[in-house]
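See below for the structure under consideration.
The values are calculated or read from the model by the stated rules, or taken from the named source; none is laboratory data. Small disclaimer: the values here were computed from a predicted structure and weren't measured. Every residue, glycine among them, receives a Cβ derived from its backbone with ideal geometry; neighbour counts consider all protein chains shown.
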């Protein structure tokens with residue numbers, strides 16, 4: 001099967017949907033900033049109603065599984081790899 005690349009914006013969208021379901025708010029009420037750190041890897045800061053929550057890489061993968069299943073109609077248990085790309089930013093490669 002060919003690889004699918006999920007853009008940084010779609011990762012942000014996936015996290016917005018993921019957090020909105022957990023916090024019972026609209027996806028557009030969620031702010032997300034994706035981050036990468038050499039020591040800690042991939043993470044995200046999310047804001048809902050002025051409250052910050054930090055997501056670790058496992059949470060980002062969980063959000064992407066939701067996105068794959070419900071929005072792309074793909075197998076949510078495909079291999080998902082987060083990658084820091086010099087030009088594209090943070091992307092996900094689905095194999």
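Figures for the structure shown
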{"item": "Any chance residue 86 is more than 13 Å from the chain's Cα centre (by Cα), closer than 16 Å to residue 21 by Cβ and free of Cβ contacts under 8 Å to residues at least 24 places away in the same chain", "result": "no"}
{"item": "Residue in the stretch 18-40 that is part of a helix (DSSP H, G or I), under 11 Å from the mean Cα position of the chain (by Cα) and surrounded by 20 or more Cβ atoms within 10 Å (Cβ to Cβ) present", "result": "yes"}
{"item": "Residue in the stretch 69-83 that is in a strand (DSSP E or B), out of contact with any strand residue (DSSP E or B) (no Cβ under 9 Å at 6 or more places or on another chain) and loosely packed, with under 13 Cβ neighbours inside 10 Å present", "result": "no"}
{"item": "Residue in the stretch 21-33 that is within 19 Å of residue 84 (Cβ to Cβ) and without any contact (Cβ under 8 Å) to a residue 12 or more places away in the chain present", "result": "no"}
{"item": "Some residue of the stretch 2-13 being in a loop (DSSP other than H, G, I, E, B), in contact with a strand residue (DSSP E or B) (Cβ under 6 Å, 6 or more places away or on another chain) and modelled with pLDDT under 95", "result": "yes"}
{"item": "Every residue from the stretch 42-53 that is in a strand (DSSP E or B) and either free of Cβ contacts under 8 Å to residues at least 40 places away in the same chain or out of contact with any helix residue (DSSP H, G or I) (no Cβ under 9 Å at 6 or more places or on another chain) (or both)", "result": "43, 44, 45, 46, 47, 48, 51, 52, 53"}
{"item": "Answer from 54, 94 - the residue that is within 14 Å of the chain's Cα centre (by Cα) and surrounded by 15 or more Cβ atoms within 10 Å (Cβ to Cβ)", "result": "94"}
{"item": "Some residue of the stretch 56-65 being modelled with pLDDT of 95 or more and under 18 Å from residue 2 (Cβ atoms)", "result": "yes"}
